[in-house]
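Notes for the one structure printed next.
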Protein chains: 2
Amino acid sequence: MNIGQAAQFSGLPSKTIRYYESIDLVVPDRAGNGYRDYSEKDVHQLSFVQRARSLGFSIEECRLLLSLYRDDQRASADVKRLALNKIDEIERKILELQSLKTTLSKLAKHCQGNNKPDCPIIDDLAGSTITSN
Amino acid sequence: MNIGQAAQFSGLPSKTIRYYESIDLVVPDRAGNGYRDYSEKDVHQLSFVQRARSLGFSIEECRLLLSLYRDDQRASADVKRLALNKIDEIERKILELQSLKTTLSKLAKHCQGNNKPDCPIIDDLAGSTITSN
DNA sequence: GTATTTGTTCCAGTTACTAGAAGGTCAAGG
DNA sequence: CCTTGACCTTCTAGTAACTGGAACAAATAC
């Protein structure tokens with residue numbers, strides 16, 4: 001099938017699918033007219049990547065996952081390790097964001113938000129310290 | 001002072017400071033020998049940006065915050081609005097990450113992680129559905 | 001007087017696409 | 001047969017926010 005169909009089935013924009021080919025992630029055959037010709041297998045792999053990306057895996061991780069996907073003999077431990085690492089990574093990001101949020105909320109709470117120039121947020125950014133919470 | 005000193009005081013790498021100049025964020029004077037010459041005010045602004053970046057503000061937001069910082073007549077409401085928007089943004093990211101984590105944890109829990117090829121994580125990525133939690 | 005550090009510029013690479021231009025192909029309608 | 005429009009092709013460049021490295025100049029240390 002053509003790239004447009006592959007795009008519909010996989011849920012990825014054609015542009016992205018072409019990009020994935022350019023980095024050798026999923027490479028289709030070519031039809032006689034030069035058009036990309038996606039097999040069902042190709043489309044499955046595109047969907048696979050789409051899902052993995054939406055779960056936060058990087059392209060390089062997707063490449064690895066794809067090779068495991070293609071390998072009937074893979075050990076599930078290999079895949080599980082990737083998943084667990086990703087979970088750790090996500091947890092770290094969450095903690096970081098929560099700490100950002102706490103700090104910003106504290107600053108915003110102290111800011112009157114009126115039309116006067118006095119602003120604790122700017123003061124904090126400028127290096128002053130906030131005394132109470 | 002030279003860029004190295006400015007880097008120490010602001011906590012930013014020299015490379016980054018040069019980059020900030022290249023995008024007209026903080027532009028120092030030049031000394032006779034062509035070296036960048038940072039004033040205290042410049043260094044304060046660099047520190048300001050460093051802190052704002054670490055709080056998750058984008059460069060363009062930093063540019064705006066800097067202009068508010070430089071403007072003695074700004075209204076604190078302007079700054080507060082930025083901060084509140086950023087808090088919302090952070091909250092959305094946290095929710096998204098938590099949902100990713102939940103999904104991945106669920107998948108990992110179902111994966112034995114042994115040397116057998118049977119792997120629910122791959123199955124899910126490939127489009128199969130998981131039935132229980 | 002040389003060696004080392006610190007500074008300069010400029011170019012390229014990173015991540016994962018996305019936009020747009022210029023042009024080829026194909027199916028349908030008149 | 002021709003045109004129209006949808007779809008396809010390639011290529012270049014832009015995004016965000018730096019980071020690394022090369023090649024060379026200036027300042028400092030011994």
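The values are calculated or read from the model by the stated rules, or taken from the named source; none is laboratory data. The structure presented is a predicted model; accordingly, all values stated were derived computationally and were not measured. A quick note on method: Cβ atoms are made from the backbone with ideal geometry, for glycine too, and the neighbour counts reach across all protein chains shown. To get the accessible areas, we keep the full protein, side chains included, count just its heavy atoms, and leave off ligands, DNA and RNA. Shrake-Rupley method; radii C 1.70, N 1.55, O 1.52, S 1.80 Å.
Some notes on this structure:
- Taking the criterion of being touching a residue at least 24 places away in the same chain (Cβ under 8 Å), open to solvent by 60 Å² or more (accessible area, probe 1.4 Å) and either within 12 Å of A:L46 (Cα to Cα) or in a helix (DSSP H, G or I) (or both), the residues of segment A:1-34 that qualify are A:Q5, A:F9.
- Screening the candidates B:S67, B:S58 for the property of being open to solvent by less than 60 Å² (accessible area, probe 1.4 Å), under 18 Å from the mean Cα position of the chain (by Cα) and among the hydroxyl-bearing types (S, T, Y) yields one hit, B:S58.
- Enumeration of residues in segment B:35-53 that are open to solvent by 10 Å² or more (accessible area, probe 1.4 Å), aliphatic (A, V, I, L, M) and within 11 Å of DNA strand D (Cβ to nearest atom): none
- Some residue of segment B:98-113 being more than 15 Å from the chain's Cα centre (by Cα), within 10 Å of chain A (Cβ to nearest Cβ) and at positive phi: yes
- Near pairs, Cβ below 7 angstrom, 6+ apart or cross-chain, from segment A:58-76 (assigned to a helix (DSSP H, G or I)) to any residue that is among the acidic types (D, E): A:L68/A:D78; A:S76/B:D118
For (1) more than 11 Å from chain A (Cβ to nearest Cβ); (2) at pLDDT 90 or above; (3) more than 18 Å from A:K101 (Cβ to Cβ); (4) more than 16 Å from DNA strand C (Cβ to nearest atom), each residue gets a yes or a no:
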| position | (1), (2), (3), (4) |
| --- | --- |
| B:S10 | no, yes, yes, no |
| B:S22 | yes, yes, yes, no |
| B:R36 | yes, yes, yes, no |
| B:L55 | no, no, no, yes |
| B:A75 | no, no, yes, yes |
| B:L84 | no, yes, no, yes |
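- Odd one out for B:L125, checked against (1) more than 8 Å from chain A (Cβ to nearest Cβ); (2) at pLDDT below 90; (3) open to solvent by less than 20 Å² (accessible area, probe 1.4 Å): (1)
- Hits in segment B:92-122 - residues which are of a type in the set (D, E) and surrounded by 13 or more Cβ atoms within 10 Å (Cβ to Cβ): B:E96
- The set of residues from segment A:70-83 being out of contact with any Gly (no Cβ under 7 Å at 6 or more places or on another chain) and surrounded by fewer than 16 Cβ atoms within 10 Å (Cβ to Cβ) comprises A:R70, A:D71, A:D72, A:Q73, A:R81.
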